[in-house]
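**Q** Sending over a structure as structure tokens; questions will come in a sec.
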Amino acid sequence: RGGGQKGAGSGGAGLRFPHLSKAQRNLIIAIRYALGVILMLNFAVFWMLPIGLQGQAWRHGMKNVLSPVFQAFDSYQPIRRFASSWIYSKEVHTDYFVQAVFVAASSLSMIALLFYWQLTYGSLPLWLILLNNCAWVGFGGRGMGAAYTYAHQEGHRKGGKTYHPWIGNSIGNIWENWMGLLYGNVPYNFSTSHVFLHHRLNAGKGDPFYMWDVDRTSFSDFMLYAHRIFVYMTGYSSLVVFAEMAPTNKTAKDNYYLLRRGMFVFWVLLPAAVLTFLVCNGSSVISALTFYLFVFLEPLCCMSF
């Protein structure tokens with residue numbers, strides 16, 4: 001498949017399998033390719049329209065309606081002084097405040113509506129799922145883009161240092177570790193993998209986000225790369241790298257335990273809490289699982305692709 005086999009075997013963590021036979025390697029590559037295709041089809045069904053339509057809506061008129069509203073709030077000095085005095089540790093970060101409030105308000109009101117509907121009617125209708133996807137994306141992609149940007153920025157200031165101590169020391173990184181749960185982000189993924197692997201290795205070999213061994217003009221290679229990013233988003237491939245480095249590197253060991261904690265929250269505590277809550281309040285197991293898939297796992301799939 002063009003550069004596919006090379007791309008599947010020489011990049012980031014968890015991708016090397018020299019001890020396997022050629023037939024076994026080809027099977028693994030086929031499975032990864034299939035997962036890439038599944039992610040592509042999933043994106044086409046659930047996310048292409050919300051992203052494409054809202055992008056065009058923003059470009060062809062909504063920006064003229066919403067931008068002045070945003071600018072009025074963003075340039076209002078009492079709001080910026082409040083953000084500088086009480087929220088952010090550096091004045092430059094006050095540029096995030098108004099949009100962060102808008103995105104958080106949209107996300108939290110939508111998740112409240114989803115839980116209300118699920119508890120009241122027992123399942124989510126397709127129109128509400130699509131409405132949630134649209135709200136999640138935001139006009140011009142400004143919802144998902146902002147959430148990813150904030151999580152990334154916080155990851156570079158580990159331990160809540162983006163915020164004043166009263167927030168940073170009690171809550172920590174809000175978007176990376178808390179709001180990020182609504183955007184498919186495993187807690188501490190930016191603080192650990194992004195900072196100590198992606199940047200440390202300058203996107204070179206060993207980085208779970210490594211991409212230079214694939215031909216991005218090749219469809220089959222892109223499907224294999226989609227698999228790689230999905231595994232990265234789960235936290236697994238980064239955890240493998242930190243585990244390999246941990247015996248001789250204290251920083252890697254610390255990051256291994258921190259990322260493992262984040263993965264435990266995302267893959268164990270969060271689903272256990274949500275599913276238990278829904279089932280105990282009248283949802284069937286199948287309905288609760290469907291709710292969790294569309295509300296918490298679909299964002300992970302979208303961000304991966």
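The values are calculated or read from the model by the stated rules, or taken from the named source; none is laboratory data. None of the values given here were measured: they were computed from a predicted structure. Cβ coordinates were reconstructed from backbone atoms using ideal geometry, including for glycine residues, and neighbour counts include every protein chain displayed. Surface accessibility is based on the protein's heavy atoms, side chains included, excluding ligands, DNA and RNA. Shrake-Rupley method; radii C 1.70, N 1.55, O 1.52, S 1.80 Å.
**Q** So for the chain, taking the charge dipole from beta-carbon charges (+1 Lys/Arg, -1 Asp/Glu), which of Ser218, Gly206, Trp267 sits furthest toward the positive end?
**A** Of Ser218, Gly206, Trp267, it is Gly206.
**Q** Could you sort 27-34, 234-241, 156-163 so that the peptide with the highest average Cβ count within 10 Å comes first and the rest follow in order?
**A** For the peptides 27-34, 234-241, 156-163, the packing ranking is 234-241, 156-163, 27-34.
**Q** Now for a separate question. In debye, nearest 20, what is the charge dipole magnitude of the chain about its Cα centre with +1 on Lys and Arg Cβ and -1 on Asp and Glu Cβ, if you could check?
**A** 600
**Q** With every protein chain kept in place and ligands, DNA and RNA left out, what is the accessible area per residue of the chain? Probe 1.4 Å, answer in Å².
**A** On the way: 15200 Å² over 305 residues.
Each residue of the chain exposes 50 Å² on average to a 1.4 Å probe.
**Q** With each label point set 7 Å from Cα along the Cα-Cβ vector, what nm distance links Leu130 and His60?
**A** 1.7
**Q** Which order do the peptides 134-144, 106-116 take when ranked by the mean count of other beta-carbon atoms within 10 Å per residue, highest first?
**A** Top to bottom by mean Cβ count within 10 Å: 134-144, 106-116.
**Q** Here is a follow-up. Can you compute the helix-only [θ] at 222 nm over the chain? Use -39500 (n - 2.57) per DSSP H run of at least 4 residues, normalise by all residues, nearest 500 deg cm²/dmol.
**A** -18500 deg cm²/dmol
**Q** Roughly how many debye, to the nearest 20, is the charge dipole of segment 52-131 about its Cα centre, given +1 on each Lys and Arg Cβ, -1 on each Asp and Glu Cβ, and no other charges?
**A** 100
**Q** Further, regarding this structure: Express in nm, to one decimal, how much length is gained between Arg25 and Trp86 on full extension, taking 0.36 nm for each residue of separation and deducting their alpha carbon distance.
**A** Net length gain for the segment: 16.5 nm.
**Q** Another question about this same structure. May I ask you to list, by number, the DSSP H helices of the chain whose Cα span along the axis is at least 18 Å and whose average Kyte-Doolittle hydropathy reaches 0.0 or more?
**A** Both cut-offs are met by 22-46, 97-121, 219-234.
**Q** From the cross-link list Lys158/Lys205; Lys63/Lys161; Lys22/Lys205; Lys161/Lys253; Lys63/Lys158, which pairs have alpha carbons spaced over 30 Å apart?
**A** From Lys158/Lys205; Lys63/Lys161; Lys22/Lys205; Lys161/Lys253; Lys63/Lys158, over 30 Å: Lys63/Lys161; Lys63/Lys158.
**Q** Normalized C-alpha radius of gyration of the chain, against 2.2 N^0.38 Å?
**A** Computed over Cα atoms of the chain, the ratio equals 1.07.
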